[in-house]
Amino acid sequence: MKGMTSLHSVTTRLHLAQLITLLTATETEPLFEQASRHLTGEATYVSGGEESCAVTGHLFTVTPEGTAIRGLLDGLRRDGVRLTAAQFNAEFDGLLLDRLDRWSLGDTPEDMVKGTMMAHLIDTTAVAALRQGLATPRHWTWWDADLVDVPPESSDWLIRRADDGGTFGSPGRTGQATYLCSARGNEIWVTQVDADITTVRQAQAALARRTLRA
């Protein structure tokens, strides 16, 4: 994968991809400089919406995404990963290119808009799943996710792990993940469904059957 060859294990690369998902989806801008300083021990990462003491760095308030970001940073630090802000940005660019290559979109303005909207839905869904406390497979990252069904005039969509061309291995080796997502007001709700589901209609029917059995 482009930009990842300097990192010494697939697990480390996967954790870095998971980290970049949160850094770029939860903040007004990617705070790569702050993430880099956390890796070197210069400062503790403080996410948007969190408050800390200016003197001691003690966190007064925490968020699910801030906790997850610090956990991933601490794991990378234990693995000996030290990245500058510029190197973080290069890894981010590589992930973006891999995703767009898999989607095989053209370079027309319409294609660019479509790609931006697809990426936004996937990234905001990743954060919504985290805030709901929804577990995702250990060997999976949202960079390997594809938006596979968005019915017209619907507030629901379906996200699945890439059937082919995922960055971190084949579905058979890394496991599958399929999520039915729904916009309700200003909130996104995410429900994991069976891996073989490929449409929103199938997912809704499966959830209805699950509710009847409950």
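Take each peptide in 103-111, 59-67, count the other Cβ atoms within 10 Å of every residue, and average; sorted highest first, the result is 59-67, 103-111. Taking the Cα centre of each part, how many Å lie between the stretch 67-82 and the stretch 91-147? Cα centroid to Cα centroid, the span is 22 Å. Of all accessible surface on the stretch 106-214 at a 1.4 Å probe, what whole percent is carbon and sulfur? Carbon with sulfur: 53 percent of the solvent-accessible area.
Heavy atoms of the protein chains alone define the surface here; on that basis the chain has 53 Å² accessible area per residue at 1.4 Å probe size. Is it possible to state the helix-based mean residue ellipticity at 222 nm for the chain, with each DSSP H run of 4+ residues giving -39500 (n - 2.57), the sum divided by total residues, to the nearest 500 deg cm²/dmol? What is it? Counting only the DSSP helices, I get -15000 deg cm²/dmol.
Taking the charge dipole of the chain about its Cα centre, with +1 at Lys and Arg Cβ atoms and -1 at Asp and Glu Cβ atoms, the residue from 151, 105, 75 reaching farthest to the positive side is 75. Can you give the log10 of the normalised intensity I(q)/I(0) at q = 0.11 Å⁻¹, computed with Debye over equal Cα scatterers of the chain? At q = 0.11 Å⁻¹ the computed log10 ratios are -0.57.
Placing a pseudo-label 7 Å from each Cα along the Cα-to-Cβ vector at residue 154 and residue 208 gives an inter-label distance of 1.3 nm.
What does the charge add up to near residue 36, with Lys and Arg as +1, Asp and Glu as -1, over the other residues with Cβ less than 9 Å from its Cβ?
Neighbour charge sum, excluding residue 36 itself: 0.
Give, as a single signed number, the net charge of other residues whose beta carbon lies under 14 Å from the beta carbon of residue 72, with Lys and Arg counted +1 and Asp and Glu -1. Within the 14 Å Cβ shell, the charges total +1. Charge dipole of the chain (Cα centre as origin; +1 on each Lys and Arg Cβ, -1 on each Asp and Glu Cβ, all else neutral): 820 debye, rounded to the nearest 20.
The values are calculated or read from the model by the stated rules, or taken from the named source; none is laboratory data. Because the structure is predicted, anything quoted here is derived from the model rather than measured. For neighbour counting, all protein chains shown are included, and Cβ atoms are generated from backbone atoms with ideal geometry for every residue, glycine included. These area figures cover heavy atoms from the full protein model, side chains too; ligands, DNA and RNA do not enter into them. Shrake-Rupley method; radii C 1.70, N 1.55, O 1.52, S 1.80 Å.
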